[in-house]
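What follows is a set of notes on a single structure, which appears directly below.
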Amino acid sequence: MNYDFITINDDIYPECLKEISDPPEKLYYKGNLELLKSERMIAVVGTRNPSSYGKLCCEYMIKKMSKADITIVSGFAKGIDSIAHKTSLITGTKTIAVIASGLDIVYPASNLSLYKEIEEKGLILTEYEAGTKPFKGNFPQRNRIIAGLSKGVIVVESKDRGGSLITADLALEYNRDVYAVPGDIFSEYSKGCNSLIRDTKAKSLSNIKELLEDYNWEIKEEAKLKVSKNQQLILDSLSSEKSLDKILEETKIDQTEILSELINLEIMGLIKSIAGGRYKKIL
């Protein structure tokens with residue numbers, strides 16, 4: 001099967017990708033090729049096995065970037081990559097998936113519905129011809145395209161080794177900005193990010209405003225959500241992650257009402273339910 005492609009000589013081929021040491025001569029694609037004209041591309045990468053903290057951080061940052069017309073680039077892998085793409089689609093943020101196989105092979109296969117949605121609403125890119133399987137060596141090669149397309153790379157969560165650190169190293173080599181989300185010093189999934197902050201020129205990132213300020217990118221003003229008296233009591237209680245029983249104890253809200261209020265706050269994007277029946281406020 002033949003797929004549409006562009007070459008390095010085509011006008012739409014991104015100049016930033018031409019700047020890297022070994023740019024792909026040809027890129028096969030599905031979806032909206034106009035996304036390659038985006039001036040605000042940020043890569044979001046991380047572990048294939050994120051913690052609830054990593055998932056929450058990724059979703060939070062994508063939602064914030066959705067207000068600044070940023071195009072999210074990632075690698076379509078399980079975990080943080082998939083969360084980045086899914087959250088982009090949910091929030092109406094533009095997204096580009098760079099894959100490590102031919103366009104006729106969906107890897108991981110569990111991402112088939114996500115693949116179809118990105119094809120419809122975003123852009124899928126690969127340098128590999130149809131029929132090329134996702135061999136192990138393809139992934140580091142794929143990562144250079146992710147780094148090359150992006151002005152900056154955010155590493156959300158990573159072990160002390162992994163593909164996201166390869167992407168970060170390549171980005172630094174290409175004089176791109178690298179941001180690492182600081183994490184729990186006791187978690188193996190935070191070791192990569194914490195070492196990036198300690199040992200490289202990566203910047204610690206805890207608020208998307210820091211990234212926006214680096215590029216002088218404006219963000220659309222968000223309308224302030226109106227919350228009820230009980231909802232405000234819950235938000236005030238969630239100064240830290242808490243169980244339902246603890247929230248009930250602190251707010252004195254009737255048990256028949258509090259579950260409804262918690263659901264409404266989650267729909268509003270102000271809190272997040274996490275493992276163990278606990279709740280966390282989204283900053």
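The values are calculated or read from the model by the stated rules, or taken from the named source; none is laboratory data. Treat the numbers as computed from the prediction; the structure is a model and nothing was measured. So basically every Cβ, Gly included, is an ideal-geometry build from the backbone, and we count neighbours across all protein chains shown. These accessible areas exclude ligands, DNA and RNA; they are computed on the full protein's heavy atoms, side chains included. Shrake-Rupley method; radii C 1.70, N 1.55, O 1.52, S 1.80 Å.
Expressed as a fraction of 2.2 N^0.38 Å, the C-alpha radius of gyration for segment 1-113 is 1.10.
Working from Cα pairs under 8 Å separated by at least six residues, relative contact order for the chain is 16 percent.
You can think of it this way: the chain between residue 39 and residue 282 has 84.7 nm of extra reach, that is 0.36 nm per residue less the Cα-Cα gap. In the frame of its principal axes, segment 56-192 has Cα extents of 41, 33, 28 Å, reported largest first.
Subtracting the Cα-Cα distance of residue 48 and residue 218 from their residue separation scaled by 0.36 nm leaves 58.1 nm. Both numbers refer to the Cα atoms of the chain; Rg and Dmax are 20.0, 66 Å.
Between residue 274 and residue 186, the simple label model (points 7 Å from Cα in the Cβ direction) yields a spacing of 1.3 nm.
Compared with the dominant principal axis of the Cα atoms in the chain, helix 112-121 is inclined by about 80°. The long axis of helix 255-267 is offset from the longest Cα principal axis of the chain by roughly 20 degrees. Hey, got the dipole for the chain? About the Cα centre, +1 on K and R Cβ, -1 on D and E Cβ, debye to the nearest 20? About 520 debye. Rolling a 1.4 angstrom probe over the chain with all protein chains present gives an accessible area of which 48% lies on carbon and sulfur atoms. Shown for segment 46-98 is the translational diffusion coefficient from the Stokes-Einstein equation, using the Kirkwood radius over Cα pairs, a temperature of 37 °C and a viscosity of 0.692 mPa s: 307 µm²/s. Relative to the globular-protein estimate of 2.2 N^0.38 Å, the Cα radius of gyration of segment 131-264 stands at 1.46. A DSSP coil position with no more than 13 other Cβ atoms inside 10 Å describes the following chymotrypsin sites (Phe, Trp or Tyr not before Pro) in segment 94-174: 135.
Rounded to the nearest 500, the 222 nm mean residue ellipticity of the chain from helices alone is -11500 deg cm²/dmol, with -39,500 (n - 2.57) taken per DSSP H run of at least 4 residues.
Among the trypsin sites (Lys or Arg not before Pro) within segment 115-189, those in coil by DSSP and having at most 15 neighbouring Cβ atoms inside 10 Å are 136, 161. Once the C-beta distance of residue 133 and residue 22 is scaled by a Förster radius of 22 Å, the resulting FRET efficiency is 0.55 to the nearest 0.05.
In the chain, the longest principal axis of the Cα atoms and the axis of helix 80-91 are about 70 degrees apart.
Give the accessible area for residue 7 in Å² (nearest 10); use a 1.4 Å probe, count only protein heavy atoms, and leave out ligands, DNA and RNA. Here the residue's solvent-accessible area equals roughly 40 Å². The trypsin sites (Lys or Arg not before Pro) of segment 235-283 that DSSP puts in a loop, and whose beta carbon has at most 13 other beta carbons within 10 Å, are 252.
Taking 39, 34, 157, 15 and ordering them by how much accessible surface each has at a 1.4 Å probe, largest first, produces 39, 15, 34, 157.
Projecting the Cα atoms of 216, 13, 204 onto the charge dipole of the chain (Cβ charges, centred on the Cα centre) puts 204 farthest toward the positive pole.
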